[in-house]
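Colleague: Dropping a structure here in structure tokens format, bear with me for questions.
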Amino acid sequence: MAALVVVSAAVLTLGLVTTRPSAWLVFAGVLGVLVSVGLPVAVAVWWVTVRTEARLRRRIDRLEATVQDTRLKASRHEWVQEKALERIEWTSREAATGISHLAWAALREFSPVGEAQAVGAVPRVLFVTSNGGGMGHIARCAAVLRHADRALDGRILTLSTAASTVAAAGYDVTYFPSHTTAGVSHDRWRRQFTRRLLDEIAAYRPEAIVFDGTWVYPSLTDVTDLVGLPLVWLRRGLWRESTDLTQVKSWRDHVTSVIVPGDIAETRETAPEIFQDATWVDPVSLAPASLMPREKALASLGLDPERQYALVQLSGGNGDGSATAAAVQAVHDAGDIIPVVVRSPLLSSAVVHGAATIDARFPLVDLAGAWEFTITGAGYNSVHENLHTCTPGVYLPSAVTLRDDQEKRARALAGAGLGITADDVDGIAGSVADLIAGRHTDELRIAMRESLSEQGAPNAAEAIVSLATK
């Protein structure tokens, strides 16, 4: 290589210093110099590149060997679980990674869910509820548990802020805040909720999951698919005509089964066709099999049995306070009956002048014998608790509930002679006066006894147990 440099330099010099400079000699000299210098540089670059690639390939091989070794050490069951978890949080790679890690921690510590129960033990069922505008979802789940006659053991995971009130009544309840209450994004909340579901399943080992709400969360579908549990949708009917029915039309893609509690304003025959292909039961409520005597109910509330009382409970869409104040005033104006207002666990407490105030109790329907009548919204639970206990009611339907068609339910009650409806807040006074002055309370009680529907909670529990024990 050095000789080539010397020769090239000589040629270049000769080409420049001769009497007649030669372009060919100059060209040959320059080319020789370039080749002699560039060739070693090119060889050096090639050598460095080859060595770098070789080092990277060895590192990649070691990493692949480590991954493969880890996979071989993991059980086949865990590996399948990890792959399944990759689709739980498909919205982002970061979410999928986090869920996979937590799912492994939650699931690899216990045997398949179906093997957790002792022989002869009743099935364990995890009830999950959305939040909603009132206590309807959590109360319906509690009703199924109450009337299950020990055919199942249940735990409630709820987004309702009334969780502590229900837990105080002896139910096994745990609370998880909705994304609005938690103040986080939908994606982050979904990841957190998925983790919580996995934790609950790992700790409680249910044989079925029951969801009561209007929209089945994707996390529920994915988690139940992952662990092989049936998912039952306890779906209250009578949805507004404007409701998005996409999920209902394809409910088999989201849940194992749908149970629809009956409604005074809707039956299987009158429901939309897409709702008819489900398990229908009679109306479900917390109403007890037998009512507490009036004197005992009043004594438990600390109320004078010599007086008469009307329950005013307007929330779940009628809870801004104006309706409650109007109802209290209407009771005062109509007769010698004392209005009783319950401090709602869902709303901030406020002083209501002219009314007796009691703390929230659950289930309040146990004390139905204390009331001459009630003034409530036309929500599912309020209506059917009154019907099951034959308690007269004035109903103020909410126009702001997203899916529950309370106006239609109130019209059905009035049309069947089973209740009196106030069209708006201004109409409460006239409805209460009509109920009291016309002595319609006795007529309503008789009508409700004659049309009394069966309690549907035991049949709902039976359907859940059937799925859990398949």
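Coordinate-derived values only; no laboratory data. The model shown is predicted, which means the values in this text are computed figures rather than measured ones. Here the Cβ is made from the backbone with ideal geometry for all residues, glycine too, and neighbour counts use every protein chain on show.
Colleague: What ranking of HIS440, HIS388 emerges when the number of other C-beta atoms within 10 Å of each C-beta is taken as an exposure proxy, fewest first? Mind showing how you got there, number by number?
Modeller: Values: HIS440 17, HIS388 27.
Ascending Cβ contact count within 10 Å gives the list HIS440, HIS388.
Colleague: If you take the beta carbon distance between GLU295 and LEU402 as r and set R0 to 56 Å, what does 1/(1 + (r/R0)^6) give as a FRET efficiency, to the nearest 0.05? Each step should come with its number before you reach the end.
Modeller: Working: r = 41 Å, r/R0 = 0.73.
Once the sixth-power term is evaluated, E becomes 0.85.
Colleague: I want to check the label-to-label distance for ARG343 and ARG439. Put each point 7 Å from Cα in the C-beta direction and report it in nm to one decimal.
Modeller: 3.9 nm
Colleague: Still on this model: Please give the contour-minus-distance gain from GLN308 to HIS353: 0.36 nm per residue of separation, less the Cα-Cα distance, rounded to one decimal in nm. Don't skip to the answer; put the middle values down first.
Modeller: On the way: separation 45, 0.36 × 45 = 16.20 nm, distance 1.78 nm.
Contour length minus the Cα-Cα distance gives 14.4 nm.
Colleague: Nearest 0.05, what FRET efficiency do ASP172 and TRP215 give at R0 = 35 Å with Cβ-Cβ as r?
Modeller: On the way: r = 25 Å, r/R0 = 0.70.
With a Förster radius of 35 Å, E is 0.90.
Colleague: Put a dot 7 Å past each Cα toward the Cβ at ARG51 and THR180; how far apart are the dots in nm?
Modeller: 6.6 nm
Colleague: Here's another thing I want to ask about it. Place a +1 charge on the Cβ of each Lys and Arg in the stretch 294-450 and a -1 charge on the Cβ of each Asp and Glu, then give the dipole magnitude about the Cα centre in debye, rounded to the nearest 20.
Modeller: Values: 12 positive and 20 negative charges, 74 e Å.
Here the stretch 294-450 has a charge dipole of around 360 debye.
Colleague: Report the local net charge at ALA330: Lys and Arg +1, Asp and Glu -1, summed over other residues whose C-beta lies under 11 Å from its C-beta. Numbers along the way, then the final one.
Modeller: On the way: positive: none; negative: ASP333, ASP426, ASP434.
Local charge sum for ALA330: -3.
Colleague: Estimate the FRET efficiency between SER451 and SER250 by the formula 1/(1 + (r/R0)^6), using the beta-carbon distance for r and 41 Å for R0, to the nearest 0.05. If you can, show how the numbers build up before the last one.
Modeller: Numbers: r = 36 Å, r/R0 = 0.87.
Efficiency at R0 = 41 Å is approximately 0.70.
Colleague: Would you mind working out the magnitude of the charge dipole of the stretch 423-467 relative to its Cα centre, with +1 at each Lys and Arg C-beta and -1 at each Asp and Glu C-beta, to the nearest 20 Debye? Intermediate values should be presented prior to the final figure.
Modeller: Working: 3 positive and 9 negative charges, 49 e Å.
Its charge dipole is roughly 240 debye.
Colleague: Counting only other residues whose beta carbon sits under 12 Å from that of GLN308, what net charge do I get with K and R as +1, D and E as -1?
Modeller: Numbers: positive: ARG294, ARG307; negative: ASP304, GLU306, ASP336, GLU372.
Spelling it out: positives minus negatives among the neighbours equals -2.
Colleague: Under a point-charge model restricted to the Cβ atoms of Lys and Arg (+1) and Asp and Glu (-1), what is the dipole moment magnitude of the stretch 198-327 relative to its Cα centre, in debye to the nearest 20? Each step should come with its number before you reach the end.
Modeller: On the way: 10 positive and 19 negative charges, 57 e Å.
Once rounded to the nearest 20, the dipole reads 280 debye.
Colleague: I would also like to ask the following. For the ranges 441-450, 419-428, what's the packing order if you count other beta-carbon atoms within 10 Å of each residue, average per peptide, and put the highest first?
Modeller: Values: 441-450: 14.6, 419-428: 19.0.
Top to bottom by mean Cβ count within 10 Å: 419-428, 441-450.
Colleague: For the stretch 294-450, what does the relative contact order come out to in percent, with C-alpha contacts under 8 Å and a separation of six or more? Write out the running numbers ahead of the final one.
Modeller: Values: 259 pairs, mean separation 37.3, N = 157.
It comes to 24 percent, rounded to a whole number.
Colleague: How charged is the neighbourhood of LEU126? Take every other residue with its Cβ under 14 Å from the Cβ of LEU126, and add Lys/Arg as +1 and Asp/Glu as -1.
Modeller: Details: positive: ARG124, ARG155, ARG196, ARG205; negative: ASP153, ASP172, ASP199, GLU200, GLU207, ASP212.
Within the 14 Å Cβ shell, the charges total -2.
Colleague: Measuring from label point to label point, each 7 Å out along Cα→Cβ, what is the THR243 to ASP333 span in nm?
Modeller: Taking the two extended label points, one gets 3.5 nm.
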